[in-house]
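Before any comments, here is the structure.
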Ligand SMILES: [Zn+2]
């Protein structure tokens, strides 16, 4: 049970207020029909699932209902920060994240 | 007073407050301040348990949570608690305790017969013996009974439990000298401090050595003023009888506070909780958890009367109990010397056998002055005695290597204490992923003093290996100052004089297993883990059988797996394994622990989340109407919904039969208020719906509704429901009752992450509307009686239309939709009018014999029509095509809606898909079990190839026979369209050991053309 900071509410809250939203920055392909099965399968199923730092989404389910981005260490549950989706994208790109 | 009682100045028992209690049916005396253990020892009770595997007599070894033997059943009936450690049970007047081990009786334990079991039960006994799994059921009962370990209460728990959620700047775990000093410094700096101590009062080891000196005053005086000052500080809370049992992510400390366990049952306040769970989120955690002395491992070291040396000291100084008159102490270190002197001064005859040849001269002088007979260079080869220790045989040890070099004296004693060193209580540090490291000089796994300061976790005192009092206090002051500065504070004043009267420590001998001159396994049994009867020889055996990892050795021998969590045994076990393996202790492995530090009762973990308050219960606005009509209810998620409405003498089947026929032939009414409802507004809602639903929404005009299938991106059905167009930029979506919250989050995710440009606003309105579904051929006539401003005629108000109007005098939205296949109207009104409108419909329907029905009839009616329940007839692997619902998929929509691309994936588009079908049993009276496997032939021996399974199964009153829905491989192609039975349409449904012949048919059993809903 950890504590997350919601960048929309501006507050630290207990984990139970939030829902996990999966790995962040997996954009939906603009033209799904143009993808072959393998590429579409990658989008559907393939996730980084690292032991260590992970960019992920959380949703403030019982608060503002907004999705936001968290950088969390999956091994230690240390949290490097919370951002709005747009700000998180910038921070992710700034450290060289790729899509 | 019993002859074992000693009036010790500074003792914490009150000799002016005598108590009585019973143990195994016999009455005993004790005093306020005793634990059950100290009182039993004072009464001369030595044997109070039988060991787990061998049935050997066992007695008390420790003074706290480390106790492996003295497991007690406390109280009787509903208040009974199994497996409490006698060392942790505070004595109160009238306490009732029973032993938990020994079968059939404590005096005569079957397992002890001639070492009978000993030969049969080596390490790995269970693995070896019950490899043949058929044997286990025969022996399980007898083995479990013989093993003992208490019985769970059979009555409901009469007591209540409480949870407290809180925040603190500093949580200090442990109220010994270091914890108190840390609390004083942090408290004086004005921080919000919570100090937790598991005992009935703070003090830790100071309570066992009240005559030590701190800063020129006696420890007892220092303790009193420290506690007094803490209590005077409003920003400091001291919680005693509060055991911190877990440390989780981000410094979440879980602690259980015993509020009433120490009171006689009659004196407990019924309106107060028995225990309280504290969930404390801390900015900083200070572990001042101290250390637990570990015994040495020697032959017969489990005979009652043999304890840790520190336990003998604690029973003497804290509880006023001299466990023996003639005491033999065996040590490898300095820690026992103070206690040896105290025992001698209290009148005991004390022999101190130190395994070292060079001992601490300052200590030697002190104990000799007190009259202790000190023998150096000796180890105990084995103890004598069976039900109580009577003496021990010493052997001369080599000065360096742990081998026997000569014989030693035989010494008589009636109590024996040993010390192999101190094991820091590192448990909490491990819970959060921390790893203690092995300190070869201190012979202990220790927490580094800065702990994990980055995460806000610090260690002070003995838990870091600072075993000397003065060193511990000086270190605590230094570390606490670091902690304070990390919070922007400084300790305002000096901590005062922290000088103590201890001599400087000298090195301990590195010895765990005392040698007896014989090969391991050939001498007397030497126990490492008392609770699980793991001996040094068992660890040798495990290594001989090629277990190399300590984790495997632990599991093979059960080392450290008891309720004491290996508090006494882990280090000895590791060290012995390391010696056999020829490795160092860190090479063998680091120790780790998981929550809970000590057992916590389920009641405390549950708190108020039990019984009626287990979770929130949601009721529809018409609940009172249903109760008044005698409904039986069933939970659906958090909702409680009417299940059926029995009339006098009716069971479920009779009621459902009557309700079904009413809805099919007359008129029924059902409460549909629980359906999830989401109000969507914005100019792009129509496009949004096009993307999140399989259906097309472009053409849906205001006043119309449509059934929609919601898919996940894999193309699988995840929810369904009817959505109405209120206006071009305003829609009302309904979801399944259980899926409402999930769908809302799903829609928000897509809108926020992928399509923030779409102008859409979503609001959950589930609780805002009450919905009554009026169902059946006569439903129009019923509605007409209480609604005059909507033209209900078939030509004006068609199937899948909705209208706004007035029903029973209140504003209403009426939807002509049907989940039964009959003519039906769903009347939606403001939730506050729900009950009123329900009663108005009942009144209006009286002349038509309107019949309320519940979820069971709803299920029968929808199954007769082949309407799916998402999550029952689908399981996350069904596409609309698998459900034969291509009509609900808008393949021509320009936007590639969620799930569409996946239809073309090779697996989704391939053959052998499981598909929804109807099943008819050959015998129309047989109602198949839901979950029954569909197989090809009747004469199969499992495992058979499974073609699918039955998802829904009912008796249909309309058809006078059973019906079932199932998902079956290639099911659609197997359907018999005209009832002929041949080849592929003949299958079997297998459940409960029987195979029933079934015919695969269309899932629409009633009114296949759908005429009835269009009248
Ligand atoms: Zn928020």
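Read-outs throughout are calculated quantities, based only on the coordinates presented, and are distinct from any laboratory measurement. Remember, it's a predicted structure, so these values are computed and weren't measured experimentally. Backbone-built Cβ (ideal geometry, glycine too); neighbour counts: all protein chains shown.
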(message) How many angstrom lie between the Cα centre of the range B:920-945 and the Cα centre of the range A:24-97?
(response) 46 Å
(request) First measure r as the distance between the Cβ atoms of residue B:795 and residue B:755, then evaluate 1/(1 + (r/R0)^6) with R0 = 45 Å and state the FRET efficiency to the nearest 0.05. (result) 0.70
(request) Could I have the simple spin-label model distance between residue B:490 and residue B:224, label points 7 Å from Cα toward Cβ, reported in nm to one decimal? (result) 3.5 nm
(request) Quick one: go through the range B:723-756 and flag any residue whose amide nitrogen is under 20 Å from the point 7 Å out along the Cα-to-Cβ line of residue B:896. (result) B:750-756
(message) With equal scatterers on the alpha carbons only and no solvent term, can you work out the Debye log10 of I(q)/I(0) for the range B:699-822 at 0.12, 0.22 1/Å?
(response) -0.54, -1.47
(request) Report the FRET efficiency, 1/(1 + (r/R0)^6), for residue B:699 and residue B:970, where r is their Cβ-Cβ distance and R0 is 25 Å, rounded to 0.05. (result) 0.15
(request) Report the residues of the range B:894-917 in range of a label on residue B:886: point 7 Å along Cα→C-beta, backbone N strictly under 18 Å from it. (result) B:900-917
(request) For a quick protection proxy, order the peptides B:406-418, B:223-235 by their average other-Cβ count within 10 Å, most packed first. (result) B:406-418, B:223-235
(request) Could you state the angle between the C-alpha long axis of helix B:219-232 and the longest principal axis of the C-alpha atoms of chain B, as a value from 0 to 90 degrees rounded to the nearest 10? (result) 30 degrees
(message) I'd like the per residue volume of the convex hull spanned by the Cα atoms of the range B:561-713, given in cubic angstrom.
(response) 322 Å³
(message) Is the C-alpha gyration tensor of the range B:32-78 telling us rounded, prolate or oblate? Criteria: a/c under 1.5 is rounded; beyond that, a/b larger than b/c is prolate, otherwise oblate.
(response) oblate
(message) Per DSSP helix of 4 or more residues, -39500 (n - 2.57); summed, then divided by the residues of the protein assembly as shown. What does that give at 222 nm, rounded to the nearest 500?
(response) -6000 deg cm²/dmol
(message) Can you sort B:835, B:165 from fewest to most other Cβ atoms within 10 Å of each residue's own Cβ?
(response) B:165, B:835
(request) Rank the residues B:72, B:670, B:718 as a footprinting-exposure proxy: fewest other Cβ atoms within 10 Å of their Cβ go first. (result) B:718, B:670, B:72
(request) Take residue B:922, project a point 7 Å from its Cα along the Cβ direction, then tell me which residues of the range B:988-1014 have their backbone nitrogen under 12 Å from it. (result) B:988-989, B:995-999
(request) In Å³ and rounded to a whole number, note down the convex hull volume per residue for the Cα atoms of the range B:907-1009. (result) 106 Å³
(message) Using a 7 Å offset from the Cα along the Cα-to-Cβ direction at both residue B:609 and residue B:497, what is the distance between the two label points in nm, to one decimal?
(response) 5.4 nm
(request) Using a/c under 1.5 as the rounded threshold, could you call the protein assembly as shown rounded, prolate or oblate? The axes a ≥ b ≥ c are square roots of the C-alpha gyration tensor eigenvalues, and prolate needs a/b larger than b/c, oblate otherwise. (result) prolate
(request) Enter the angle in degrees (range 0 to 90, nearest 10) between the Cα long axis of helix B:177-188 and the first principal axis of the Cα atoms of chain B, meaning the one along which they spread out most. (result) 60 degrees
(request) Run through the DSSP bridge list for chain B and note the antiparallel percent, rounded to the nearest 5. (result) 75 percent
(request) Name the shape class, rounded, prolate or oblate, that the alpha-carbon gyration tensor gives for the range B:438-520, where a ≥ b ≥ c are the square roots of its eigenvalues, rounded holds for a/c under 1.5, and otherwise prolate holds if a/b is larger than b/c and oblate otherwise. (result) oblate
(request) Mind checking the full-extension length gain between residue B:546 and residue B:563? Use 0.36 nm per residue of separation minus the Cα-Cα distance, one decimal, nm. (result) 3.4 nm
(request) Between residue B:1002 and residue A:94, with labels modelled 7 Å along Cα→Cβ, what's the label distance in nm to one decimal, could you check? (result) 6.3 nm
(request) Springs between alpha-carbon atoms under 10 Å, Gaussian network over chain A: tell me which of A:14, A:23, A:56 tops the mean-square fluctuations. (result) A:14
(request) Rank these for me by crowding, B:988, B:149, going from fewest to most other beta carbons within 10 Å. (result) B:149, B:988
(message) Using a Förster radius of 41 Å, what is the FRET efficiency between residue B:76 and residue B:765 based on their Cβ-Cβ separation? Nearest 0.05, please.
(response) 0.15
(message) From Cα pairs below 8 angstrom and at least 6 apart in sequence, can you work out the relative contact order of chain B, rounded to a whole percent?
(response) 9 percent
(request) Report, in degrees rounded to the nearest 10, the 0 to 90 angle that the Cα long axis of helix B:652-665 makes with the longest principal axis of chain B. (result) 30 degrees
